[in-house]
Each structure stands twice: as structure tokens, then as C-alpha cells.
1. Could you identify the single residue in 411, 384 that is within 21 Å of residue 293 (Cα to Cα), within 16 Å of the ligand (Cβ to nearest atom) and out of contact with any Pro (no Cβ under 7 Å at 6 or more places or on another chain)?
2. Any residue at all in region 248-260 that's more than 9 Å from the ligand (Cβ to nearest atom), without any contact (Cβ under 8 Å) to a residue 60 or more places away in the chain and either in the same structural domain as residue 330 (by TED's automatic domain parsing) or more than 22 Å from residue 384 (Cβ to Cβ) (or both)?
3. Determine, yes or no, whether residue 34 is buried (at least 23 other Cβ atoms within 10 Å of the Cβ) and outside any helix (DSSP H, G or I).
4. So, in region 312-325, how many residues would count as being within 13 Å of the ligand (Cβ to nearest atom) and within 16 Å of residue 347 (Cβ to Cβ)?
5. Which of the strands (runs of 3 or more DSSP E) contained wholly in region 247-357 include at least 1 residues that are surrounded by fewer than 21 Cβ atoms within 10 Å (Cβ to Cβ)?
6. Answer with yes or no whether residue 458 is within 16 Å of the ligand (Cβ to nearest atom) and in contact (Cβ under 8 Å) with a residue 24 or more places away in the chain.
7. Just to be sure before I move on: is residue 399 part of a helix (DSSP H, G or I), more than 15 Å from the ligand (Cβ to nearest atom), surrounded by 18 or more Cβ atoms within 10 Å (Cβ to Cβ) and more than 22 Å from the chain's Cα centre (by Cα) in the structure I sent?
8. I'm trying to understand the selection: among the residues of region 319-361, which are touching a Phe, Trp or Tyr at 6+ places or on another chain (Cβ under 9 Å), closer than 19 Å to residue 277 by Cβ and among the aliphatic types (A, V, I, L, M)?
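The values are calculated or read from the model by the stated rules, or taken from the named source; none is laboratory data. What you see is a predicted model, and the numbers here were worked out from it, not measured in a lab. No Cβ is skipped: glycine too gets one built from the backbone with ideal geometry, and neighbour counts run over all protein chains shown.
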Amino acid sequence: MQVHDKLYINGKWVDATSESVIEVINPTNEKIVGKIPVGSKSDVDDAVHAATNAFKIWSKSSIEDRIEKLNLLSQKIKEKTELLAKTITSEVGTPIEYSRMAMVGTPRVVSRSYAKILETYEWEENVRNSLIVKEPIGVCAFITPWNFPLHQIIGKVAPAIAAGCTMILKPSKEAPLNAFILAEIIDEIDLPPGVFNLVSGHGAEIGEYLAKHPGIDMISFTGSTDAGKNVSRAASDSIKRVTLELGGKSANVALEDCNPQIVAKMAINGCFQNSGQTCSALTRLIIPKKLSKEISDIIVERVSRYSTGDPMDEKTKCGPMVSSKQQHSVTEYIKTGIEEGGKLIAGGLGMPEHLDTGFFVKPTVFTDIKTNMTIWKEEIFGPVLVIATYENEDEALLLANDSIYGLSGAVWSNDKEKAINFAKQMKTGQVSVNGGHFNVNAPFGGYKMSGNGRELGIHGLEEFLEIKSIQM
Ligand code: NAD
């Protein structure tokens, strides 16, 4: 069990003002795996004070210094890969192999990518009689979710360090243990005290307080669309910068000349990775009517072999939902899908037959989906794939864009140019063409109700900068 009884403020581990604790539950066996303190508004004030003082130093730090710290951060994450991966698997339920690769490997690479970006980044440019300078925005607050906990944190912490900003992190209460390990790492790399502060607690209390706080210049939020709206509202009085990475219901479109076998195979991972608890999951599969039977048959066969169970077992592909609340919510969506007339071709209600403990659901697939169905429209955040068919590619595009969200997407075609042209017409922040893989240097973020702003790469760095024009 990992028990943390202190917050990390101003370069020190300090007692929280309240004695309350949050228990972290392992969703696989429903046992307590850790405890963390509940921070209060007064702890947030201390952290803001520390970050404000540290900004005076860190905003003036040399680029070489920032590069060194980012490389050290990457190296220390690598050294602690096994600890971090096992911790995240025990709090989120992510299959261990995927934890090592995506939950720890990606943050390691993202930290290093910002060191690399700094090597050539231009902080000043001349435009006729003006000198344009880029400056760190100031004190930042980060509110993060549980599903890719360390990745979401590093996607904010690394560019903020690179920009010369200081920060206060409030991790999710479901998966906060990795954030405490990160604070230990940051302590070891000797950032000046107050550059990074960790205050754990409840979103509705300290999360909203951070969003409102007049001493904070920017809030970067990742989580549900509803909580993002609350954060925006709370931040509005102080006109601070708000970036939001929110939900999604992304379309995976197979054009008529696709390879049905590849589409079917990739559709499963695209939707079910991290047990379906992925904001950019490709949850709406859109296929030509004439290929519908062929693709669905392959999917049914592969889902029957998709191993669900203990995420610490290297062979497991699908772990539990993060919490009983999430298990209940996914189950309700499956029930609604059946009631509204979706045709269940794999999975369904209840736990997988061989399991009796843990917050599991069955990997589930629906066909015969109509656009007025709840499971077509709403983010389910579990391993539930919905399949709709089209008669022609104009209709495919209408279906792809038929969402309040626009975070991710995919297109499949034997003609790459045609696929790129289709991708350009999709109203979404990222599109994978023929399985093009995730790129940590490419901007990530949403259109429409999937959010504002971009993370990762140079675009992610620039979210943390103010721009000043000096006329001469
Ligand atoms: P959530 O909104 O419940 O919580 C996210 C964070 O917000 C947590 O730290 C929580 O404590 C805090 N919070 C909750 N209410 C708040 C409030 N009123 N004010 C301030 N903070 C508040 O989301 P979750 O369940 O942790 O994560 C799942 C959601 O996150 C999904 O909708 C998913 O799509 C989204 N998500 C988006 C991205 C992205 O990059 N777009 C990435 C991961 C997750």
C-alpha cells in the first residue's frame, strides 16, 4: 500500500491543513492500494504563494538549465518505469504491458521532446519595426483525470517547465499515486523550490478554487466536458487563460476501397485500448453497407478472443473499469443501447463469466446503429464499440461529423490521397490515416466540445507563452 500523508509545496513535503484522506481503490480486486491527503483552500494558497515567488527565478532561468531538468525528468521516469507502471495498473486497471508503454513510456518521451524543442526554439523575431518576444505566462494550475494519469500530467508539466512557468498540480482522486511518485522525482532533479507544487484533493473544492484563484495566470484542465464547463465558468472572473482537453466520440471511417480485414482488426484496439477508457478512442466505426457483414464477422470473432481479466497478467488485453461508478455508468449505456434497438453482436450486460470480483464489464459491440441513439451520441468511456453503415462516402462524412465532439478520428483507404482528403473534411483535432500512429510532437486537442487549446509539441509549448510586441 502506498500511503502519502503530505503535500509537496515550495520544494518540501508538508502536512495538509486537514486530516482527511482519500482512499485509492484497486479496481481489479476492490482493495485499498493507497491513501492521499485532502488538500484545502489554504494549502492551495500556500502553493500559489510558493509558485509566485518561484516564477521570479524560473522565468529567468537559462534555456540550458531547462533542457537539463527536462532530460533529467525523462531519465528518472525511465528509471522508475516498473514502479510507475505497476502503480498505474493498480489504480487505473490498465493492462501492465500497455502501462509500461503508454502510461510511462509516453511521458518519458514527451519530457525529452521538450528538451529537444528548446534546442532550436526561437523566442524572439523581428517584424518590420517590431521585436516580438515570447514570455512565460506565469503561475499555472493543472487539473488532471485518471485515465492516462501521468501522461496527462506530463503533457502540462513538461511544456510549463520548458516555457519558464511555475505550477500547481491537482491530480484526480481515482489515480493520484503516480503524481506523488512524480513529485518525488521532481524533488530529486532539484528544480528551484516552488516551481512544481502538488496539492491533492476534491475537484469540486480545490479544483474550482484553483480555477477562480486571482493569483493563477492559466489553468490547464483535462477531464470531462461537464467539469471543463465548471472550470471555464469559475475562471471567467479573473480572465485567466483556460485550456481544456475534454471528452470525445471519435469516428473511425472505412472508405469503400479499404482492406476490411485490417479495418476490423484495428477497430478493436482503436476502441478498446486502456479498456475503452481513452478520450481519443475510436468509438464510432463507420463502414460501407456492402462490407458490413464481412467486417462485423471478423470483429465478433476477435472480440471473443479479447482476454479480459487481471491487468497484471501480461496476456490480458482488457482490465476493469476504474471504479464501480464507471462500471455502473458503462453498464447503463449498454442497457440503453439494447433498449433503443442497437443490435448486440458481442459482449452485453454483466461481468465476464469467469470473473466475480472487480469493476469489469464485457467488451461490447453494437451494430444497426441509428444517429438518434444515445450510444451513438454520448461518450461511454468503456469498451463499447458502435457500428453504423453508409451507402456512399458523402453520407460517411456526414456520419463522421455527426457529433458534438471532435477530438480524434481515423480513415482507411487503399488510396492515401483520398484518405487525406477525407481527413481534411473531418471536424476533429487529430486523424490517423491508414493506422498512422500517435506522434508526441504533433498537436493534440479538440474541435467543438472536445476542448480549447493544444497539447504536445511546439503548439503545446506556446500555450504557456504570452506574446509581446516592442515597437522601435
Ligand atoms: P472528471 O472531469 O471527473 O475529472 C477530471 C479532473 O477534474 C479531476 O482531477 C477532478 O477532480 C477534477 N474536477 C471534477 N470536477 C471539478 C470541478 N467542478 N472543478 C474543477 N475540477 C474538477 O474526468 P475523469 O472522470 O477524471 O476523466 C474522464 C474524462 O476525461 C472523460 O470525459 C475523458 O474523455 C476526458 N479526457 C479527456 C482527455 C483529452 O485530452 N481530451 C484526456 C483524458 C481524459
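1. Working: 411 fails: within 16 Å of the ligand (Cβ to nearest atom).
Just a single option satisfies the conditions, and that option is 384.
2. Checked against the condition, which is being more than 9 Å from the ligand (Cβ to nearest atom), without any contact (Cβ under 8 Å) to a residue 60 or more places away in the chain and either in the same structural domain as residue 330 (by TED's automatic domain parsing) or more than 22 Å from residue 384 (Cβ to Cβ) (or both), region 248-260 yields at least one hit.
3. Values: buried (at least 23 other Cβ atoms within 10 Å of the Cβ): no; outside any helix (DSSP H, G or I): yes.
It is false that residue 34 is buried (at least 23 other Cβ atoms within 10 Å of the Cβ) and outside any helix (DSSP H, G or I).
4. Of region 312-325, the ones within 13 Å of the ligand (Cβ to nearest atom) are 321-323, 325.
This time we only want the ones that are within 16 Å of residue 347 (Cβ to Cβ), so: 321.
Final tally of qualifying residues: 1.
5. Numbers: elements: 251-254, 284-288, 343-346.
In region 247-357, 343-346 are the strands (runs of 3 or more DSSP E) which contain 1 or more residues that are surrounded by fewer than 21 Cβ atoms within 10 Å (Cβ to Cβ).
6. No; evaluated as a whole, the condition is false for this residue.
7. Details: part of a helix (DSSP H, G or I): yes; more than 15 Å from the ligand (Cβ to nearest atom): yes; surrounded by 18 or more Cβ atoms within 10 Å (Cβ to Cβ): yes; more than 22 Å from the chain's Cα centre (by Cα): yes.
Judged against the criteria, residue 399 is a match.
8. Within region 319-361, 321, 322, 330, 334, 346, 351 meet the criteria.
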